[in-house]
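What follows is a set of notes on a single structure, which appears directly below.
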Amino acid sequence: MNKHTKIYIAGHRGLAGSAIVRELQRQGYTNLIGRTHGELDLEDATSTQQFFEQERPEIVFLAAAKVGGIHANNSYPVEFLMSNLLVESNVCRAAYATGVNRLIFLGSSCIYPRDCPQPIKEEYLLTGPLESTNRAYALAKIAGIEMCWSYNRQYGTKWLAAMPTNLYGPGDNYDLNNSHVLPALIRKIHEAKVAGIPEVVLWGSGTPQREFLYVDDLANALVFLASLDDERYNILTNPGQCPLINVGTGEDLTIRALAEMCAEVVGYNGKFVQDISKPDGTMRKVLDVSKINKLEWRASTRLKEGINLTYKAFGDNQA
Ligand code: GFB
């Protein structure tokens, strides 16, 4: 991958996709392409095929996906399953038909079994039952991983599936029903502070543990992986093994501790109360990141620093 390689970022307006664009630009890549949902519906096979034939990207970051937090996943399983299956099938088929060289498919740490040993190694995929609140999304993403591996096995492509842990950062979704926990907490705590409300509601018991990755670190990891030399990249995408790699920090904390950290950043002195009618989801999902660490990549943003940056972006956005 050189600085003029034609790179398509599917989902370039989303949390992950926009961070990938920022990182590629920061590194001096000049030939980037993206389409908004209005310009190209990736759920439509014909338009997707036509787009690839016209543009002929050499590298693809497949960051377009229907995503959401625990409530959205639990409430709209049909959309999470169907939309993600369509997008990944259409993009993979068109990418193969037009000879895309390297494709990086994005999934999520919820693909792993609900009760698997911690930290979670790549090889634990499909070793046990999934968490029920996001089973539909997880199955769609598992199908995407299998799709990459199948193309590698059958057609000799070099596609890689990167599994980030829970992401956060500038450009996130702050809708209180559909967002992930971190943006929801930033918004709820900020609004409570501004309105002088003495307590903020946390969903569930507050005891589940989560690992959070600042989205610019994810983007840095993905560009690092996509630009690995052939020798190292080919080991990852060797058709004899599932082309799966975890991307995270390897550290987690409870939702309660996360809320307290967000309160410190926002400068909120109220208290937290639990709404235990809301689901906890998986009790723990911290990734084993030794595979990517061995390639000499590590996340660099500490959680508190990342929350500070995110809160600043949230404020700028509101202004
Ligand atoms: O981030 P989150 O929605 O999704 O929730 P998951 C993480 C934890 O935070 C759960 C709790 O235990 C929630 O109950 N929580 C506390 C809250 N307060 C809130 C709140 O105000 N909003 C939200 N959203 N949660 C998603 C999956 O799982 O993570 C996806 O559903 C995907 O498939 C994504 O894998 C990364 O971490 O449970």
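Worth a mention:
- Annotation note: of ARG93, ARG114, the sole residue that is in contact with a Ser or Thr (Cβ under 6 Å, 6 or more places away or on another chain) and among the charged types (D, E, K, R) is ARG114.
- Candidate set from segment 127-140 (those that are part of a loop (DSSP other than H, G, I, E, B) and in contact with a Cys (Cβ under 7 Å, 6 or more places away or on another chain)); member that is nearest to the ligand (Cβ to nearest atom): GLU131
- Among the candidates LEU24, LEU106, the residue that is of a type outside the set (Gly, Ala, Ser), crowded, with 23+ Cβ neighbours inside 10 Å, within 16 Å of MET1 (Cβ to Cβ) and touching a residue at least 24 places away in the same chain (Cβ under 8 Å) is uniquely LEU24.
- Within segment 70-103, considering residues that are of a type in the set (D, E, K, R) and over 29 Å from TRP203 (Cα atoms), the one surrounded by the fewest Cβ atoms within 10 Å (Cβ to Cβ): ARG93
- Among the conditions (1) more than 14 Å from the ligand (Cβ to nearest atom); (2) closer than 23 Å to LYS291 by Cα; (3) buried (at least 18 other Cβ atoms within 10 Å of the Cβ); (4) of a type outside the set (A, V, I, L, M, F, W, C), the only one that TYR124 does not satisfy is (3).
Yes/no matrix, rows are residues, columns are (1) over 30 Å from GLY204 (Cα atoms); (2) touching a residue at least 24 places away in the same chain (Cβ under 8 Å):
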residue	(1), (2)
ILE145	yes, yes
LYS158	yes, yes
TYR168	no, yes
ASN173	no, yes
VAL181	no, yes
GLU191	no, no
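- Residue among ALA313, ALA257 that alone is under 30 Å from LYS3 (Cβ atoms), small (Gly, Ala, Ser) and surrounded by fewer than 16 Cβ atoms within 10 Å (Cβ to Cβ): ALA313
- For segment 62-111, residues that are hydrophobic (A, V, I, L, M, F, W, C) and not in a helix (DSSP H, G or I) total 10.
- Meeting the requirement of 1 or more residues that are over 26 Å from ILE20 (Cβ atoms) and of a type in the set (Asp, Glu), the strands (runs of 3 or more DSSP E) wholly within segment 201-297 are 271-275.
- Number of residues in segment 42-60 that are charged (D, E, K, R), farther than 15 Å from ARG102 by Cα and either surrounded by fewer than 16 Cβ atoms within 10 Å (Cβ to Cβ) or over 23 Å from the mean Cα position of the chain (by Cα) (or both) equals 3.
- Scanning segment 262-278 for residues that are surrounded by fewer than 17 Cβ atoms within 10 Å (Cβ to Cβ) and not polar (S, T, N, Q) turns up GLU264, GLY267, GLY270, LYS271, VAL273, ASP275, ILE276, LYS278.
For (1) on the phi > 0 side of the Ramachandran plot; (2) charged (D, E, K, R); (3) more than 16 Å from the ligand (Cβ to nearest atom); (4) over 23 Å from the mean Cα position of the chain (by Cα), each residue gets a yes or a no:
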{"site": "TYR233", "(1), (2), (3), (4)": "no, no, yes, no"}
{"site": "PRO239", "(1), (2), (3), (4)": "no, no, yes, yes"}
{"site": "CYS242", "(1), (2), (3), (4)": "no, no, yes, no"}
{"site": "ASN246", "(1), (2), (3), (4)": "no, no, no, no"}
{"site": "LEU258", "(1), (2), (3), (4)": "no, no, no, no"}
{"site": "GLY270", "(1), (2), (3), (4)": "no, no, no, yes"}
{"site": "ARG284", "(1), (2), (3), (4)": "no, yes, no, no"}
{"site": "ARG298", "(1), (2), (3), (4)": "no, yes, yes, no"}
{"site": "ARG302", "(1), (2), (3), (4)": "no, yes, yes, no"}
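- Output for segment 151-169, where each listed residue is more than 10 Å from the ligand (Cβ to nearest atom) and surrounded by 19 or more Cβ atoms within 10 Å (Cβ to Cβ): TYR151, ASN152, THR157, LYS158, TRP159, LEU160, ALA161, ALA162, GLY169
- Criterion violated by VAL201 - all others in (1) of a type in the set (A, V, I, L, M); (2) more than 26 Å from GLY11 (Cα to Cα); (3) surrounded by 16 or more Cβ atoms within 10 Å (Cβ to Cβ); (4) within 9 Å of the ligand (Cβ to nearest atom) satisfied: (3)
A short reminder: the numbers here are calculations on the coordinates, not readings from a lab. For clarity, every value in this text was computed on a predicted model and none was experimentally measured. Cβ atoms come from the backbone with ideal geometry, glycine included; neighbour counts cover every protein chain shown.
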